[in-house]
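Every number here is computed from the coordinates shown, using simple stated rules; none is lab data. All of these numbers come straight from a predicted model, not from anything done at the bench. Using ideal geometry, Cβ is built from the backbone for each residue, glycine included, and neighbour counts are taken over all protein chains shown.
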Amino acid sequence: MSAPLLRIGLVGAGWVTQHHLAGWQREAARARVVAIADPSRANAQARAEAFGIDTVYSDAQAMFAAEKLDAVDIASPRETHAELVRLAAMHGIPAICQKPLAPSFDAASALVDDVAAIAGMRLMVHENWRFRPYYRQIAAWLREGRIGRVQQAQMTLLSSGLVADARGMLPALERQPFIATLDRALVMEILIHHIDTLRFLLGEMTVVHARTGRNSPAMAGEDHATVAFDTAAGATVLLLANLGAHGEPPALADRLTLIGERGTITLLGNTLTCEGERPDIRRYDMAQCYADSYAATISHFIDALGSGAAFETSPADNLRTLRLVEDIYAQNPAS
């Protein structure tokens, strides 16, 4: 006999929730989003109509009080995450919460302590970048020892998203306007994904050097960053990012090089290459990989809820990523 469908509540109706909801739809045999809450009832209603959600609420408290939920997906602005996670915990509802858990390491750490004190509360951080198919493949190659011990790594993210296009518009802010308002912008909102992915691939890291800055007057926070890390295994890692790089495409695309003792792994555009004793090459549909990462994150959440296994992106694990983010800002107090 099959298990009953999990009843899911979604908090948030912003841009990213379209991807969350598409991911939940792939799990239609195991779960269904039955309610959505957002202060903008119009936005929530639009999502409900597009994705077949039964009930719309103007606030999460009302949704928790009225609905019998098996879990909640928190995809609201980061300033609301801690309050909503605590609210879910008070109602005994497992939660998956978009990164970051809170706007700062200290606030997130306090939240994790509070949640840990509630017996049986399950919380997973929705950190989907590491679930992209090409990063899972890189992790598999590294586990197989394809290139030996990694000695050097470089990840680059360059975009012309903050360079005015022919219409005089800034593509990065057309896509996600809220980024312009953030005091902690590039590192906390975007590079947090890449720092987490580097941790996933290479193990724990420490910040050796970090510089951030702001070129675009449209931004409240930083729009470029250069960070150097050391890994616990002795590799040197360089992370370089800029949202206003002339000549680059407006959309960010990850470029990654891992140099090992016996080979090199390179991600460039849609092509993943392994050079060395056991060469290999894979090509990906990048739009599909983006969607797949949300679906894989949600699938992992459902699997772990059912089995009782630990979440890969547990609060404790995410705190280690947030610690690195905080260390970067500590070296740049004006950011």
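Computed values, structure above
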| read-out | value |
| --- | --- |
| Inter-centroid distance (Cα atoms) of the range 272-287 relative to the range 84-137, Å | 33 |
| Over the range 1-123, relative contact order from alpha-carbon pairs under 8 Å, at least 6 apart, % | 23 |
| Net charge of Cβ neighbours under 14 Å - reference SER160; Lys, Arg +1; Asp, Glu -1 | -2 |
| GNM flexibility winner over the chain from VAL125, VAL16, VAL150 (Cα, springs under 10 Å) | VAL16 |
| Stretchable slack from GLU144 to ALA291, in nm (0.36 nm times residue separation minus alpha-carbon distance) | 50.2 nm |
| For the chain: relative contact order, % (alpha-carbon pairs under 8 angstrom, 6 or more apart) | 19 |
| Under-5 Å amide H pairs with GLY244, H placed in peptide plane, nonlocal only | SER159, LEU162 |
| Summed side-chain charge close to LEU182 - residues other than LEU182 whose Cβ falls under 12 Å, Lys, Arg +1, Asp, Glu -1 | -2 |
| Between helix 17-26 and the chain: long-axis angle, C-alpha atoms, 0 to 90°, nearest 10 | 80 |
| Filtered trypsin sites (Lys or Arg not before Pro), the range 109-163: DSSP coil and at most 16 other beta carbons within 10 Å | ARG149 |
| 10 Å binning of all Cα-Cα separations within the range 184-296, expressed as whole percents from 0 upward | 11, 37, 37, 13, 1 |
| The chain: angle of helix 315-330 to the longest principal axis, Cα-based, in degrees nearest 10 | 50 |
| Nearest-ten-degree value, helix 133-144 long axis tilted from longest Cα axis of the chain | 60 |
| Karplus-derived HN-Hα couplings along the range 121-128 (A = 6.51, B = -1.76, C = 1.60, θ = phi - 60°), whole Hz, x at Gly and Pro | 5, 10, 9, 10, 8, 7, 10, 8 |
| Karplus-derived HN-Hα couplings along the range 75-83 (A = 6.51, B = -1.76, C = 1.60, θ = phi - 60°), whole Hz, x at Gly and Pro | 10, 8, x, 4, 5, 9, 4, 4, 4 |
| Ellipsoid equivalent to the range 258-303 - semi-axes via the Cα gyration tensor, in Å | 27, 14, 8 |
| Mean Cβ count within 10 Å, highest first, over the residues of peptides 111-121, 195-205 | 195-205, 111-121 |
| Neighbourhood charge, 12 Å Cβ-Cβ cut-off, centred on ALA228 and excluding it, Lys, Arg +1 and Asp, Glu -1 | -1 |
| Beta bridges per DSSP with both ends in the chain, % antiparallel, nearest 5 | 55 |
